[in-house]
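Working notes, beginning with the structure itself.
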Amino acid sequence: LEVIRALLVDGLVQEASPLLALQTKDLQARTVPQLQKALELATRAKNSIVQKRLRSILAKTVSMDEKSAPPRNSTPKSSSPQIDESGRSMTKEEERQALLRATQLIHNARKNEGQMVEVFRQTLMQGIKPDTAMCNAVLSGLARRDDLQGVQGMLQMMDIAGLKKDARTYTIAISMHARREDAVSAQRLANQAIESGVRLDGRLFHSLVMAYVSTENWEAVIRLFEDLQDDSKYATNLSSPFVLDSLLMAYVAMGVPFSTVEAFFREKLPLHGVKPATSMYIHVIRSATDAGRLRDATALLQELREKAADPVSGLVMEPRAVAIVLAGFLHTGHWREAKALYARSGMLHQPWDEVSAPIVLQAANSLPRRLRRRILRTLFPRALRSTKHADFGTEDPVEEDGRGRTMRLERLLLPIMQTQALRHKPAVVEELHQKLREAGGEPSRQSLSILLDAYRRVGDINPAKTVWEQIFLKAQEDARNNDPTDPSLLSSRVTRRHILSIPLSTYLDALVAAGAHGELTRTWDRVREAGFGYSPDNWNTFAVALIAAGRPLDAFRAIERCLIPMELSSQNPNLMLDKALANPVVGTRRSPLHRRRAAFEARRLKERQQEAWAHVSESNDVTSPLRFILQNSGYHKRWRPSAATLMALKNVIIRLRHGHMIYAKTKRWTPEVYRGSEEEAAFATLSRIQDECPLTYNKVLTSQERTHKRRDSPLRNREKRRLHTMERRVRFIKVVGETSRKQTLSNPRSRSET
């Protein structure tokens, strides 16, 4: 165990894994402290197989000790540590043994919050002061369930009890905020860790990078890698496997070309003395799939399978890697290749888990209905349940509570709900949503947003309003949970200001489709007053909604005062902006479609600027690809009018030039609305647009000229080839006559006559 610990301190994770596997051969003869220490080392080595085996044996050992202990009436039989009932004070060794046993019981009960809290309460009632490891076990169970209030309460309890928070404590909390896409809270915790003297290790650094990637804050990601030179803050460097894994994750999320990702994976990792881990293989496989290079992805998957067969390598063949490649084949329509890959991957004898199954289900949405059913019957021959290994023993005896069941079931049902919403079947979406409620938990904003989209597609506005109110109230509850000490300052303390970006755009479309134009401005102002922000997609949707409501001047004003200044600020940082008016946030784009789009734009950028990209590839700075794409790719400069918005504004200008007013979808223009003729009102509106919104007006005209050039270029080429084409046509008629060639070849009699 000491040799394994020394190897892990030096960062040699791959060398420590085989020794750890040898250490766990004769597990039954070892004591609980030795097993606990081995489990800690296995967690640091990221050896999932050894971790599950150790936990199952620890659970059996603890249960056997409880059976041999005398019965006690005051505490539950399955959740109490072994402590002497006499009034004598315990020795340090006895207290340490009790803490280890209570920590293991808490870890085994992580799926059930009630049992986990009961073990912790009984430990406190018996006069045992919890240590940092025990609090970390409770934090881990609460964070797995995204219980923000529970995590905050445990952190406050540690401060009151005077327990020192270590790097593991901050890693658990920051990872939870990363999953919740709350980079502000994650950065606040990281600053607290630095102020308290805790240096950020590899795992903590990885969690912080994941938080910034989830909110697409690429400037902060680049700044984190640049600050690795500061030894006072970081206890890790660029040669750490966790840091390199974070860099690959950022490469794939930003859309760095696959050739650059593969070169870094093949060439740069050996230079740093790091062997590829399973997560690194998954990142490279995802990059190849996003780039459409499925052969390379299949070769990487085969390489991972061959290396995972060797227990010394420390690699694991995860179902997620197979699901990513299968999703790539299904997205491109190569379903036969997907079935062949599934047969070769060994998944026939292993069920899907709740992480990999949604990847395949979401990719199958692009297939026709009958083909999708046939493929899904092949890929999912058994029920979707958690993956179990044959060596791990029996099932976990701890019963999962309602919230855990709902979270696991929701991951599986969200792609199915999305498919039914796209097929205009809100009744099926309602049925699946009701199943989530019956599971014992509370549905999330994601499922409510899909239900809102289903109602929007069929034009049912009354249920859509009800679902929007539920989404809005749930978002307000999450905002209050971020700072429960001062609810009166909610608008200034909201850290997740982007969580209403997607449902807000969906609800605005539903209002426009139903003709409820009076609700547009009230809904828009209500979101701002609650402390939430607007993404670029929200501003584009709002502008198009104003046009549909018969308010073209307000639509031009929204683009002129918010989107255009934010676009100019990226080119001129010294430009002063009224950000209170724009209320800017960056909504998240984490779907496979957005990743493929980012990879496509980065590949086009590489082709246009080959010399500059060659200089970036040769640079020793690992953040140079991220910085180059951020500065030159238009895909990540999102504060600009979209193509659909510019097209809608162009149609407004064309209609006004022809003397026609823009009216709402629910009513035509009437003489009572404008005094004078419709042509005079249209010309007056166009004149005000030119005077008040010159930047937007010129941008629309510029995009219109580019569109005309693209449309006219084939015509000009046809005019150049027209003479040559006519000469060929004359020669063809002389040979085959006036009858068409198709008729002549199909009718021998007409060909003989010709």
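The values are calculated or read from the model by the stated rules, or taken from the named source; none is laboratory data. As the structure is a prediction and not an experimental result, all values here were calculated from the model. Cβ coordinates were reconstructed from backbone atoms using ideal geometry, including for glycine residues, and neighbour counts include every protein chain displayed. Remember, those area values only see protein heavy atoms, side chains included, never the ligands or the DNA or RNA. Shrake-Rupley method; radii C 1.70, N 1.55, O 1.52, S 1.80 Å.
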Practice prompt. Of the numbered conditions (1) under 30 Å from Val209 (Cβ atoms); (2) surrounded by fewer than 18 Cβ atoms within 10 Å (Cβ to Cβ); (3) more than 25 Å from the chain's Cα centre (by Cα), Lys606 fails exactly one; give the number of that condition.
Written response: (2)
Worksheet item: In the range 633-664, what residues are of a type in the set (S, T, N, Q), farther than 15 Å from Ala253 by Cα and surrounded by fewer than 18 Cβ atoms within 10 Å (Cβ to Cβ)?
Response: Ser642, Asn651
Worksheet entry | Any chance Leu348 is open to solvent by 40 Å² or more (accessible area, probe 1.4 Å) and either closer than 27 Å to His424 by Cβ or at pLDDT below 85 (or both) | yes
Response to the item:
If we ask which residues in the range 611-643 are assigned to a helix (DSSP H, G or I), under 30 Å from Val585 (Cβ atoms) and among the hydroxyl-bearing types (Ser, Thr, Tyr), their number turns out to be 1
Response to the item:
Here the residues within the range 525-537 that are open to solvent by less than 10 Å² (accessible area, probe 1.4 Å) and part of a helix (DSSP H, G or I) are Val527, Pro536
Discussion item. Tell me yes or no: at least one residue of the range 538-553 is modelled with pLDDT under 75, assigned to a helix (DSSP H, G or I) and open to solvent by 30 Å² or more (accessible area, probe 1.4 Å).
Written reply: no
Worksheet item: So which of Val316, Val284 ends up being in a loop (DSSP other than H, G, I, E, B) and either under 20 Å from Val355 (Cα atoms) or hydrophobic (A, V, I, L, M, F, W, C) (or both)?
Response: Val316
Fill in: Residue ID - modelled with the highest pLDDT, chosen from residues in the range 357-395 that are out of contact with any Leu (no Cβ under 9 Å at 6 or more places or on another chain), of a type outside the set (Lys, Arg) and surrounded by 12 or more Cβ atoms within 10 Å (Cβ to Cβ)
Leu371
Fill in: Residues satisfying the stated conditions in the range 252-291, i.e. open to solvent by less than 20 Å² (accessible area, probe 1.4 Å), aliphatic (A, V, I, L, M) and within 20 Å of Pro319 (Cα to Cα)
Val252, Met280, Ile282, Val284, Ile285, Ala288
Practice prompt. Scan (1) over 21 Å from Leu701 (Cβ atoms); (2) modelled with pLDDT under 90 for the single condition Asp509 breaks and write down its number.
Written response: (2)
Practice prompt. Output the number of the condition that Asn217 fails; it satisfies all remaining conditions of (1) within 18 Å of the chain's Cα centre (by Cα); (2) within 18 Å of Arg286 (Cα to Cα); (3) open to solvent by 30 Å² or more (accessible area, probe 1.4 Å).
Written response: (2)
Worksheet item: On the given criteria, is Leu422 open to solvent by less than 30 Å² (accessible area, probe 1.4 Å) and under 23 Å from Arg373 (Cα atoms)?
Response: no
Worksheet item: Only one of Thr91, Thr123, Thr103, Thr171 is at pLDDT 85 or above and polar (S, T, N, Q); which?
Response: Thr171
Item to complete: Could you pull out the residue among Val355, Val325, Val360 that is among the β-branched types (Val, Ile, Thr), over 21 Å from Met417 (Cβ atoms) and free of Cβ contacts under 8 Å to residues at least 60 places away in the same chain?
Response: Val325
Worksheet item: Does His206 meet the test of being in contact with a helix residue (DSSP H, G or I) (Cβ under 7 Å, 6 or more places away or on another chain) and crowded, with 23+ Cβ neighbours inside 10 Å?
Response: yes
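Rundown of residues vs (1) under 22 Å from Arg603 (Cα atoms); (2) crowded, with 22+ Cβ neighbours inside 10 Å, yes/no style:
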| residue | (1), (2) |
| --- | --- |
| Arg293 | yes, no |
| Leu300 | yes, yes |
| Val312 | no, no |
| Ala323 | no, yes |
| Phe329 | yes, yes |
| His334 | no, no |
| Ala338 | no, yes |
